[in-house]
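Take a look at the structure below.
The values are calculated or read from the model by the stated rules, or taken from the named source; none is laboratory data. Note that the structure is predicted; figures quoted are calculated from it, not measured. All Cβ positions, glycine included, derive from the backbone under ideal geometry; neighbour counts span all protein chains shown.
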Amino acid sequence: MIVQAQISDLPRLSELAKEFYAASSVLRVFDLSKFVMTWTNIINSGNGVIFLLMDEGDIAGTIGGLMHFDPYCDDRLASEFFWFVHKENRGGGVQLYRKFEQWARENGCQEIRMMHLVDSMPDKVADFYCRVGFRKVETLYAKRLDAAELRAAG
């Protein structure tokens with residue numbers, strides 16, 4: 001069953017987040033208090049949503065994203081920020097995606113933007129995206145700046 005998360009559900013995502021972060025070498029630190037504060041503000045603004053895949057009262061998966069306007073035109077976009085499902089519940093990930101797409105449509109979004117981590121089933125996720133009508137439009141690169149570089153720049 002898919003349900004829309006309430007603010008009170010946010011702390012319950014801690015265990016799933018730990019599993020998500022442990023499964024990737026590119027993610028660094030998950031701060032639950034920062035997550036709760038950030039997503040409380042996003043959800044309260046009316047511009048964001050988190051859906052939960054429930055399995056007998058337990059959270060088995062989640063997807064979260066927000067709506068925003070493209071800074072270069074009037075298109076309203078829905079951008080996914082996280083999408084993760086316990087291994088034993090992976091079939092439910094498609095249900096989460098479909099609920100997110102439905103939310104985007106209902107909120108007048110003209111486009112959905114989805115991401116995937118380079119070390120989290122990238123081929124499988126990319127194949128799914130292509131099957132449901134996405135096309136690759138950009139690749140993101142990140143460089144971690146160390147403390148010495150930050151002090152020198154400041």
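Between residues in the range 30-57 that are farther than 18 Å from Arg98 by Cα and residues that are of a type in the set (D, E, K, R), which pairs lie under 7 Å by C-beta distance while being six or more apart or on different chains?
Qualifying pairs under 7 Å: Phe30/Lys18.
Collect the residues in the range 59-116 that are among the hydroxyl-bearing types (Ser, Thr, Tyr) and either touching a His at 6+ places or on another chain (Cβ under 8 Å) or under 20 Å from Phe35 (Cβ atoms) (or both), keeping them in residue-number order.
Thr62, Ser79
Give Ala17, Ala22 a once-over and let me know the one that is among the small types (Gly, Ala, Ser), exposed (fewer than 14 other Cβ atoms within 10 Å of the Cβ) and modelled with pLDDT under 95.
Result of the check over Ala17, Ala22: Ala22.
Could you check the range 25-64 and list, in sequence order, the residues that are part of a loop (DSSP other than H, G, I, E, B) and either in contact with a Pro (Cβ under 7 Å, 6 or more places away or on another chain) or surrounded by 13 or more Cβ atoms within 10 Å (Cβ to Cβ) (or both)?
Selection gives Leu27, Phe30, Asn47.
Looking for something in a helix (DSSP H, G or I), among the charged types (D, E, K, R) and touching a strand residue (DSSP E or B) at 6+ places or on another chain (Cβ under 9 Å) - is there at least one such residue anywhere in the range 113-121?
No: the range 113-121 contains no residue that is in a helix (DSSP H, G or I), among the charged types (D, E, K, R) and touching a strand residue (DSSP E or B) at 6+ places or on another chain (Cβ under 9 Å).
Quick check on Ala148: is it surrounded by fewer than 16 Cβ atoms within 10 Å (Cβ to Cβ) and either assigned to a helix (DSSP H, G or I) or at pLDDT below 90 (or both)?
The answer is yes for Ala148.
Could you tell me which numbered condition Gln95 fails, if it satisfies all but one of (1) under 30 Å from Arg144 (Cα atoms); (2) touching a residue at least 40 places away in the same chain (Cβ under 8 Å); (3) touching a strand residue (DSSP E or B) at 6+ places or on another chain (Cβ under 6 Å); (4) among the polar types (S, T, N, Q)?
(1)
Working carefully through the options Cys109, Cys130, find the one that is modelled with pLDDT of 85 or more and farther than 21 Å from Pro71 by Cβ.
After ruling out the rest, the residue left standing is Cys130.
Find the residue count for the range 68-84, including only residues that are assigned to a strand (DSSP E or B), out of contact with any Phe, Trp or Tyr (no Cβ under 9 Å at 6 or more places or on another chain) and of a type outside the set (Phe, Trp, Tyr).
2
When Ile63 is evaluated against the numbered criteria (1) in contact with a Leu (Cβ under 8 Å, 6 or more places away or on another chain); (2) β-branched (Val, Ile, Thr); (3) farther than 20 Å from Met121 by Cβ, which criterion, by number, is the only one it fails?
The single condition Ile63 does not satisfy is (3).
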